[in-house]
Number of protein chains: 2
Amino acid sequence: MVRGRICRLSVRDVRFPTSLGGHGSDAMHTDPDYSAVYVVIETDAEDGIKGCGITFTLGKGTEVVVCAVNALAHHVLDKDLKDIVGDFRGFYRQLTSDGQLRWIGPEKGVVHLATAAVLNAVWDLWAKQEGKPVWKLLVDMDPRMLVSCIDFRYITDVLTEEDALEILQKGQVGKKEREKQMLAQGYPAYTTSCAWLGYSDDTLKQLCAQALKDGWTRFKVKVGADLQDDVRRCQIIRDMIGPEKTLALIPLGIGIATGEQCHNRVIFKQLLQAKALQFLQIDSCRLGSVNENLSVLLMAKKFEIPVCPHAGGVGLCELVQHLIIFDYISVSASLKNRMCEYVDHLHEHFEYPVMIQRASYMPPKDPGYSTEMKEESVKKHQYPDGEVWKKLLAAQEN
Amino acid sequence: MVRGRICRLSVRDVRFPTSLGGHGSDAMHTDPDYSAVYVVIETDAEDGIKGCGITFTLGKGTEVVVCAVNALAHHVLDKDLKDIVGDFRGFYRQLTSDGQLRWIGPEKGVVHLATAAVLNAVWDLWAKQEGKPVWKLLVDMDPRMLVSCIDFRYITDVLTEEDALEILQKGQVGKKEREKQMLAQGYPAYTTSCAWLGYSDDTLKQLCAQALKDGWTRFKVKVGADLQDDVRRCQIIRDMIGPEKTLALIPLGIGIATGEQCHNRVIFKQLLQAKALQFLQIDSCRLGSVNENLSVLLMAKKFEIPVCPHAGGVGLCELVQHLIIFDYISVSASLKNRMCEYVDHLHEHFEYPVMIQRASYMPPKDPGYSTEMKEESVKKHQYPDGEVWKKLLAAQEN
């Protein structure tokens, strides 16, 4: 089914002026402009299918990652998609081990975020060609093929290829039932939309009331800048949601949940080895796309640590839902102590936005990785020449 | 003495086609083009003094770091040098905690290499204004002032401000004698120039013979691609240098020497805590300039681990000599099991190249951080428009 040679790669700097409203603000990021490095790859196949990949960034950081994508582009261009996915581990290594780029990484920060954007586009293209959403492509994939996508370098002390295969083969049992369950009920979510650090009390109350009306039962509050202020804000929310619902400072309230900042599988391995986390938060863009996330999901399974993905930003919800739904169906087979972050921002800019029902992520049905953005949105928000930024920058100058 | 407001920052992509000769090649980097992101800052003071900063990169990676320097530039422009060095810790934090850039770092990879280039330029400017080489500026600096340059975030579990001050105050004893000793004898070095992985046996023999003639007694061989080949190459060198001289696969042959890839002080802290290294290799450009290297030198002292700096590349010898000479005079007060790497490449492009005598680094006497490059060299090697690259790129196309 896989077809075509990649003949074009374009990359754009897309920014949303979220800092104007305090959305996404926390103790370390006081003026975040949610942004995306948006990569589109095209093939010479006649189907006209494009692969769209994003990586999440914050404002000014985007221009640096765009530059890194351009530096990686020659690895992708003129490659047959068949050859890429036929030796996906090899291709992953080629990108992450580029002799002239690994010095400024490797597998971390700017170059790894760029790698994620490129590989997310490859996964979107692959899944679209197969006519399946990425979660379903993964669920239907032979365990040996899944394992061939993973680079096990530096993690074989806790997860070998054989370990991975064994986990995936065990995961085949009951898979059909779990897939049905997901399609009917979705994957449980919690919301972070109500209580960003920069919100006024009025905004907080209003958003909280709306979220309750929408059926949310699990709420996260951003804290960490000022203790007294944190206590006051938590009190407001607890008063509104009542004693039964979940109020999370970190998800689930007890134990350390971390991972959104972990820059590769090796850091996750070390945290797991050190028993330093109780809830593991993968990020679909900080790690090297589906390939590296697979290795982390499998390590989490081996250590019996629940995965509670990081999401929000631009497009992170769209992407990570595929990973966590696959995780439930084919790897963890459990929903105990698990939930996926949800933030109600910027979904309107995507062609295939997430669908939340009864506070759960409903499995996407459209082919691909849900990464495709509306061309009109991209044009409007391109930095600095899009309409939105032209106006803002002109206003700043006056 | 410190004066002027920074009114201009320029950054250039300077590459040397070292991959053509196999210089710098090792198991992970088969085609390195030694490169530098070269930053020059100018003030409005009438003295015309410029601060020059470099960070070491490899070929294509340079363009990404250049982009990151441009993204950081607004933190430096229109600042008084007096305000920067008067609250150097604050300024360091401002650069490393930029709310829109830390997501793509923080304090690692591309953004941290860019931070190093900018801060190296600030140190060069400061030292030139004071009329001293950086090592001497540091040696003469009041311990309280030194400590005020360091960001102790995330390392106070092993090194507090008070610990640092105590170490530096103890280091005052015998300082004058050690300074005299350095000026007379220099700091012991070892050479990596003879045995890069990509060299032919003939080249290896020829360079080894020349190094012996130049008085070298300590030699490092790059290994790791193929065991049989490594054994053969080591045999060739041992036969040439005889049984008495030092042949290092990693410096000093026994124990783990590491650090050139450690991306910040926190990683060094963790390796020290885990007793995972026996020789600590700081890098003057991967860490956040003098500021962050100071914290690592002090932690190494606390753990009694000898520092054996990483050098080579472009300009790393020029920079790191200042740090290790300061370390001996004011911190470690010991030469036991210590030596500094030396590689005989590309020094001719610097205004104030290192001076090696009797296999030792002789303390620089010119004011500044020895970071200033010859304008002619920069022009020739700018990528892709310099004369050298124009020719190479044209030849590639034919």
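What follows is calculated from the coordinates using simple rules that are stated; it is not laboratory data. Just so we're clear, the structure is a prediction, and the values are computed from it rather than from any experiment. Glycine gets a Cβ as well: all are built from the backbone with ideal geometry, and neighbour counts include every protein chain shown.
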- Any idea what the residue A:226 label distances to the other copies are, label 7 Å down the Cα→Cβ vector, nm, shortest first? 6.6
- Of A:170, A:269, A:336, the most mobile residue in a GNM of chain A (C-alpha springs, cutoff 10 Å) is A:336
- Task: Report the charge-dipole magnitude of the protein assembly as shown in Debye, nearest 20, computed about the Cα centre from +1 at each Lys and Arg Cβ and -1 at each Asp and Glu Cβ.
- Result: 1400 debye
- Cross-link partners among aspartates and glutamates for residue B:374, C-alpha distance below 20 Å, same-chain residues fewer than 8 apart left out? B:13, B:33, B:42, B:47, B:124, B:318, B:344, B:348, B:351, B:366, B:385, B:387
- Item | Distance between the stretch B:182-209 and the stretch B:280-317 - C-alpha centres, whole angstrom | 21 Å
- Determine, for each peptide in B:53-62, A:347-356, A:191-200, the mean count of other beta carbons within 10 angstrom over its residues, then list the peptides with the highest first. B:53-62, A:191-200, A:347-356
- The aspartates and glutamates whose Cα lies under 17 Å from the Cα of residue B:176, excluding any fewer than 8 residues away in the same chain, are B:140, B:142, B:327
- Query: Once the piece of chain linking residue A:246 and residue A:78 is laid out straight, how much longer is it, given 0.36 nm per residue of separation minus the C-alpha distance between them?
  - Reply: 55.4 nm
- Note on the structure: So for chain B, using the alpha carbon gyration tensor with a ≥ b ≥ c as root eigenvalues (a/c under 1.5 gives rounded; past that, a/b versus b/c decides prolate or oblate), I'd call it oblate
- Note on the structure: Note: residue B:334 to residue B:181 extended length (0.36 nm per residue) minus current alpha-carbon separation gives 53.9 nm
- Task: Just list whichever of A:220/A:269; A:275/A:302; A:60/B:82; A:108/B:108; A:136/A:336; A:132/A:365 have alpha carbons separated by over 18 Å in the model shown.
- Result: A:220/A:269; A:60/B:82; A:136/A:336
- Note on the structure: Each residue of A:64-73 has, on average, a number of other protein chain C-beta atoms within 10 Å of its C-beta equal to 6
- Item | Candidates B:358, B:338, B:286: whichever shows maximal mean-square fluctuation once chain B is modelled as a Gaussian network with Cα springs under 10 Å | B:358
- By Cβ neighbour count within 10 Å, fewest first, B:375, B:341 rank B:375, B:341
- Item | Debye, to nearest 20: dipole size of the stretch A:176-375, +1 on Lys, Arg Cβ, -1 on Asp, Glu Cβ | 800 debye
- Message: Going 7 Å from Cα along the Cα-Cβ axis for the label, what nanometre distances separate residue B:7 from the same residue across the other copies?
- Response: 5.4
- Reachable lysines from residue A:222, Cα under 22 Å, same-chain residues fewer than 8 places away excluded? A:205, A:213, A:245
- Task: Between the label point of residue B:210 and that of the same position in each other copy, find the distances and list them shortest first in nm, with every label point placed 7 Å from Cα along the Cα-to-C-beta direction.
- Result: 7.1
- Task: Give the order of A:104, A:155 when sorted by the count of other beta carbons within 10 angstrom, beginning with the fewest.
- Result: A:155, A:104
- Report the Stokes-Einstein translational diffusion coefficient (µm² s⁻¹, integer) for the stretch B:176-375, Rh taken as the Kirkwood radius over Cα pairs, at 4 °C with viscosity 1.567 mPa s. 75 µm²/s
- Note on the structure: DSSP beta bridges in the stretch B:176-375: the antiparallel percent, rounded to 5, is 30 percent
- Task: Determine by what factor the alpha-carbon radius of gyration of the stretch B:230-314 differs from 2.2 N^0.38 Å, reporting the quotient.
- Result: 1.25
- Query: Treating the beta-carbon of each Lys and Arg as +1 and of each Asp and Glu as -1, no other charges, what is the dipole magnitude of the stretch B:268-329 about its Cα centre, to the nearest 20 debye?
  - Reply: 240 debye
- Task: Divide by every residue of chain A the summed helix terms, -39500 (n - 2.57) for each DSSP H run of at least 4, and state the resulting mean residue ellipticity at 222 nm, rounded to the nearest 500 deg cm²/dmol.
- Result: -12500 deg cm²/dmol
- Contact order relative to length for the stretch A:172-257, counting C-alpha pairs under 8 Å separated by 6 or more residues, stands in percent at 28 percent
